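The block underneath contains the structure these notes are about, expressed in structure tokens.
The values are calculated or read from the model by the stated rules, or taken from the named source; none is laboratory data. Keep in mind that what you see is a predicted model, and the values were worked out from it rather than measured. Quick reminder, even Gly has a Cβ in these numbers, built from the backbone with ideal geometry, and neighbours come from all protein chains shown. Only protein heavy atoms, including side chains, enter the accessible area calculation; ligands, DNA and RNA are left aside. Shrake-Rupley method; radii C 1.70, N 1.55, O 1.52, S 1.80 Å.
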Amino acid sequence: MAIDYSERIPNNVGLGDNRALQRALEHWQPQFLDWWRQMGPSASQNHEVYLRTATAVDAEGWASYGMVRMPEYRWGIFLADPIPDRCIGFGDAFGDKVWRQVPGEYRSTLRRLIVTQGDTEPASVEQQQRLGLCCPSLYDLRNLFQINVEEGRHLWAMVYLLHAYFGRDGREEAEELLGRHSGDPDKPRILSTFNEPIEDWLSFFMFTYFTDRDGRYQLKSLAESAFDPLSRTCRFMLTEEAYHMFVGASGITRVVRRTLEQMQALGHDDPADLRRTGAIDLPTLQRYINFWFSSSLDLFGAENSSNAANYFATGIKGRPDEARFADHIALGQELRLQVPDRDGGVAEEPVPLRNAMNEVTRGAYIKDCDIGVQRWNRLIAEAGYEIRLALPSPRFHRAVGVWAGAHADPQGNPIGAQAWTARCREWLPSEEDRAFVKSLMQRVTEPGRMAGWIAPPEGGINNLSPAYEYVRLN
Ligand SMILES: [Fe+2]
Ligand SMILES: [Fe+2]
């Protein structure tokens, strides 16, 4: 179904045919706009931004580009087209027809999953609220705003499901999604990574590389769901999410490039000297990787999880790219987990595969994260330097799962609490690192100019030049 932009709420779900639902969402809409004005990008009300807007939901040419005043962006409800005769792809009900409505016995579980996913979307907009005030270029400012409006749309996607399928409880949850705020001591966001402040652009690129990628894997798992409206919503969200990760990957690549240029100009790689050139030294970059990667690993949940087993058995949430697995039942198999042993070492513990589904997803995510790291290492090697970046061990700096509370170094060797306290400054961004990175964050708004700590992008948006005036500040 085509997207109808003549409606107050653009949609391809036939909203006009369901008056009660339409009225309920039109009641929520001004609350969303109030939230955007208060918690969305600071001082952006008069900006005109070169944004893409969804015009169709098929793979080719779904987006149109143009200058938009940000508060006038048309947030809407878009589901990927249904797959005819789609069947449940995994678990105990493998091969049965998918659900068009929520089965009563799974109602609260599905609602909780949708609320948890929905909560992350506005949370990230709140985390990134002030970044526009210190953007390294107009190109980057535009990318930030593009991501922000799409995270806002992802909130709409989850709110639609809550309103359409969960009655009064769903409407209350939709209001709560605007009532919690990132980092709020009284009403924080649900997941801890989404309460971490993002006050500099290095953190923003790390977040879009590591945390948006967690989002991608969560959406992939939910796209497998037997609850078909959830699956269709997530499939379309994934098409938007791909660009968020591009922003992260290309952003970090540009930081590495600039750092290497300055190292070569300097003739050596002493971090303190390098900092004086206004570039970000690679050890600091590594500490930021350590922080955001380990925090994002926690989002996948415990290694051994009866909830995960239950989601898989019932068909609520599958594995990313379930079709690529040979066996969709996953019974009678084990995964060997690494767990801390009593003597401060590492032991192996077999866990039934269904209980280890979080770990299966986390494993796929880690492999995906490593692709970028290897690309950055190739740049470093080509520039003639020995230093290498690396993902820390999944045992490092965890707050969720079997390694929570156990201390390990970035190689994954268990260490005592004392050794951790003595050395964690080497491994995680210190106050001083953060202050240094923050000191570089000077706003650059002349078209085509870049801040000194980051290289220019290889190309612009939608085949325009990188020097195009992507944001008219007005
Ligand atoms: Fe999102
Ligand atoms: Fe995203």
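Please turn the phi angles of segment 16-32 into ³J(HN,Hα) values with the Karplus equation 6.51 cos²θ - 1.76 cosθ + 1.60 (θ = phi - 60°), one per residue in order, whole Hz, x for glycine and proline.
Here the 3J(HN,Hα) series is x, 8, 10, 4, 5, 5, 4, 4, 5, 6, 5, 6, 6, 3, x, 5, 4 Hz.
With a 1.4 Å probe and all protein chains left in place, how much accessible area per residue does segment 48-153 have, in Å²?
35
Suppose a student asked you for the relative contact order of the chain, using Cα pairs under 8 Å spaced at least 6 residues apart; what percent would you report? Please list the in-between numbers first.
On the way: 762 pairs, mean separation 90.6, N = 474.
The value is 19 percent.
Can you give the accessible area of ILE366, probe radius 1.4 Å, in Å² rounded to 10?
The accessible area comes out at roughly 40 Å².
Give me the dipole magnitude in Debye, nearest 20, for the chain about the Cα centre, with unit charges on the beta carbon: positive for Lys and Arg, negative for Asp and Glu.
Value, rounded to 20: 460 debye.
Sequence-distant or interchain residues sharing an amide H contact under 5 Å with VAL346, placed H: which?
Correct list: ASP341.
Could you put LYS317, LYS187, LYS438, LYS367 in order of accessible surface area, largest first, with the 1.4 Å probe and the full protein assembly present?
Working: LYS317 40, LYS187 85, LYS438 105, LYS367 155 Å².
Result, largest first: LYS367, LYS438, LYS187, LYS317.
Using only protein heavy atoms and a 1.4 Å probe, report how much of PHE145 is accessible, in Å² to the nearest 10.
0
Among residues other than ALA164 whose Cβ falls under 15 Å from its Cβ, what is the net charge (Lys/Arg +1, Asp/Glu -1)?
With Lys, Arg at +1 and Asp, Glu at -1, the net is +2.
Mind putting a number on the dipole of segment 1-80 about its Cα centre? Charges go on the C-beta only, +1 for Lys and Arg and -1 for Asp and Glu, and I need it in Debye to the nearest 20.
On the way: 7 positive and 9 negative charges, 47 e Å.
So the magnitude is around 220 debye.
Excluding residues on the same chain fewer than 8 positions from LYS367, give the aspartates and glutamates whose Cα lies under 14 Å from its Cα.
Here the aspartates and glutamates satisfying the reach criterion relative to LYS367 are ASP214, GLU359.
If the cut-off is 16 Å between C-alpha atoms, which lysines fall inside it for LYS317, apart from same-chain ones fewer than 8 positions away?
Filter leaves LYS97, LYS220.
So what's the back-of-envelope 222 nm ellipticity for the chain, counting only DSSP H runs of four-plus at -39500 (n - 2.57) apiece and dividing by all residues, rounded to 500?
-15500 deg cm²/dmol, from helical runs alone.
At a 1.4 Å probe, what is the % contribution of carbon and sulfur to the accessible area of the chain?
Carbon and sulfur: 48 percent of the exposed surface of the chain.
Taking every DSSP beta bridge with both residues inside the chain, roughly what % is antiparallel (nearest 5)?
90
Projected onto the charge dipole of segment 131-206 (+1 at Lys/Arg Cβ, -1 at Asp/Glu Cβ, origin at the Cα centre), which of ASN195, PRO136, GLY170 gives the Cα projection farthest towards the positive end?
GLY170
Just to be sure I understand the model, the point goes 7 Å from the Cα along the line to the Cβ. What's the resulting LEU473 to ASP17 distance in nm?
Here the modelled spin labels are 4.9 nm apart.
Just subtract the alpha-carbon distance of PHE94 and GLN264 from 0.36 nm times their residue separation and send over the number in nm, one decimal.
55.4 nm
With charges set only on the Cβ (+1 for Lys and Arg, -1 for Asp and Glu), what does the dipole of segment 327-386 come to about its Cα centre, in debye to the nearest 20?
200
I want to check the label-to-label distance for ILE415 and ASP327. Put each point 7 Å from Cα in the C-beta direction and report it in nm to one decimal.
For ILE415 paired with ASP327, the spin-label model returns 4.0 nm.
Could you rank MET245, MET67 by how accessible they are, 1.4 Å probe, largest area first?
Ranked from most to least accessible, the order is MET67, MET245.
Rounded, prolate or oblate for segment 224-318? Axes are the square roots of the Cα gyration tensor eigenvalues, ordered a ≥ b ≥ c, and the cut-off for rounded is a/c under 1.5.
Oblate shape, in that a/c is at least 1.5 and b/c is the bigger or equal ratio.
Work out the charge dipole of segment 160-282 with +1 on the Cβ of Lys and Arg and -1 on the Cβ of Asp and Glu about the Cα centre, then indicate which of LEU274, ALA242, PRO185 is farthest towards its positive end.
ALA242
Taking H placed 1.01 Å from N in the peptide plane, check which residues at least 5 places from PHE227 or on another chain put their amide H under 5 Å from its amide H.
TRP99
What Rg and what Dmax come out for segment 195-254 when only alpha-carbon atoms are used, in angstroms?
Considering segment 195-254 through its Cα atoms, Rg and Dmax are 13.2, 41 Å.
So how far apart, in nm, are the two label points at SER192 and GLU105 if each is 7 Å from Cα heading toward Cβ?
3.5
Taking Cα pairs under 8 Å and at least six residues apart, what relative contact order does segment 331-395 come out at, in percent?
Here the relative contact order equals 22 percent.
Considering only THR361, VAL159, PHE145, whose Cα is most displaced toward the positive end of the charge dipole of the chain, charges sitting on Cβ of Lys, Arg (+1) and Asp, Glu (-1)?
Highest projection toward the positive end goes to PHE145.
FRET efficiency for ALA313 and ARG443, Cβ-Cβ distance as r, R0 = 60 Å, nearest 0.05?
Given R0 = 60 Å and the Cβ-Cβ separation, E is 0.70.
Give me the number: length gained by fully extending TYR385 to ASP58, i.e. 0.36 nm times residue separation minus the C-alpha to C-alpha distance, one decimal in nm.
Between TYR385 and ASP58, full extension yields an extra 113.3 nm.
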